[in-house]
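Step one of this worksheet: look at the structure below.
The values are calculated or read from the model by the stated rules, or taken from the named source; none is laboratory data. Small disclaimer: the values here were computed from a predicted structure and weren't measured. When we count neighbours, we look across all protein chains shown, and the Cβ atoms used for this are built from the backbone with ideal geometry, even at glycine.
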Amino acid sequence: MGLNTDYKVARKVVDAYKDAVDLRLQDRFNTKLLGVWPFGPQIIFCKPAIASLEDLKGKKVRILDGVMAKFMEKIGATPVTMAFGEVSQGLKLGTIDCAVTGPSSANSAGWPESATHVYPLGLQVAVQGYGINMTAWKKLPPDQQGKLRVAMEKLTDDIWKYSEELWADGMRCNAGQDPCTTGKKYALKTVKPTAKDLELMKSALKDIALPAWSELCEKSNPGCTDTWKRVVGPVVGLK
């Protein structure tokens, strides 16, 4: 939350942190990390008109995780846990006022049939990884290990590129703009994020997300916070 707010930052964070994650996976799960790829920035879709995060005060917002719930509570919104497939109906009936996901996911699930506004402030960019069992990895000859590394780097680079293209296309489709090649055209109003809200996301990382993650991480991996601050901190301006 507030860390990976766009593709550019997310890629820098992943590149800085992936070696530390690889070591932890090898130590804890006997697994070697081969590549990391993203889902796009998770943004806010609403049925009521909104112009900034301040307008979420008093509204019910479907969230993705506990850290996002804490952020919504901080700005005066009520976080709601709801299955993805129920969100469109929830927006239509007023069970919730807003919900968070990526633009292509929202499009494919029909959220714009009920929502009226989209606020493309990136709350977070989720990432996934490819791994291989270390026992299997060590059985591969060095030349095959090298070929696999190169192939996985190419694959993950392609996914990063495609994810960004898909995100942009989803935004156009939801707003009824061309070209729209991967989804259905709707007529959502796109609201430009305010400078104040962009700054608020930076503070959310420092004040909410990092402390919450650190508390959980230190329980199973003592020292992980110091590692994170050392390798990722400089990328996002935190010490």
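So Leu200 fits all but one of (1) more than 18 Å from the chain's Cα centre (by Cα); (2) closer than 22 Å to Lys57 by Cβ; what number is the exception?
Checking Leu200 against (1) more than 18 Å from the chain's Cα centre (by Cα); (2) closer than 22 Å to Lys57 by Cβ, the one that fails is (1).
Residues checked against (1) over 29 Å from Thr116 (Cβ atoms); (2) of a type in the set (Gly, Ala, Ser):
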{"residue": "Asn4", "(1), (2)": "no, no"}
{"residue": "Val14", "(1), (2)": "yes, no"}
{"residue": "Tyr17", "(1), (2)": "yes, no"}
{"residue": "Val21", "(1), (2)": "yes, no"}
{"residue": "Arg28", "(1), (2)": "yes, no"}
{"residue": "Thr31", "(1), (2)": "yes, no"}
{"residue": "Phe39", "(1), (2)": "no, no"}
{"residue": "Glu54", "(1), (2)": "no, no"}
{"residue": "Gly76", "(1), (2)": "no, yes"}
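Please determine whether any residue of the range 80-90 is in contact (Cβ under 8 Å) with a residue 12 or more places away in the chain and farther than 29 Å from Gly176 by Cβ.
Let us first name the residues in the range 80-90 that are in contact (Cβ under 8 Å) with a residue 12 or more places away in the chain, namely 80-82, 84-85, 87-90.
Right, trim to farther than 29 Å from Gly176 by Cβ and you get 81.
Within the range 80-90, one or more residues are in contact (Cβ under 8 Å) with a residue 12 or more places away in the chain and farther than 29 Å from Gly176 by Cβ.
Evaluate the following for Gly2: is it within 14 Å of the chain's Cα centre (by Cα), at negative phi and crowded, with 16+ Cβ neighbours inside 10 Å?
Details: within 14 Å of the chain's Cα centre (by Cα): yes; at negative phi: no; crowded, with 16+ Cβ neighbours inside 10 Å: yes.
Here the answer is no, as Gly2 does not meet what is asked.
Residue under question is Val9, and the condition is that it be in a strand (DSSP E or B) and within 16 Å of the chain's Cα centre (by Cα); does it hold?
Details: in a strand (DSSP E or B): no; within 16 Å of the chain's Cα centre (by Cα): yes.
Considered against the rule, which asks whether it is in a strand (DSSP E or B) and within 16 Å of the chain's Cα centre (by Cα), Val9 comes out as no.
Name the residues in the range 109-119 that are under 18 Å from Leu53 (Cβ atoms) and buried (at least 17 other Cβ atoms within 10 Å of the Cβ), would you?
Ala115, His117, Val118, Tyr119
In this structure, does Arg149 turn out to be within 25 Å of Ser114 (Cα to Cα) and either hydroxyl-bearing (Ser, Thr, Tyr) or modelled with pLDDT of 95 or more (or both)?
Numbers: within 25 Å of Ser114 (Cα to Cα): no; either hydroxyl-bearing (Ser, Thr, Tyr) or modelled with pLDDT of 95 or more (or both): yes.
So Arg149 does not fit the description; no.
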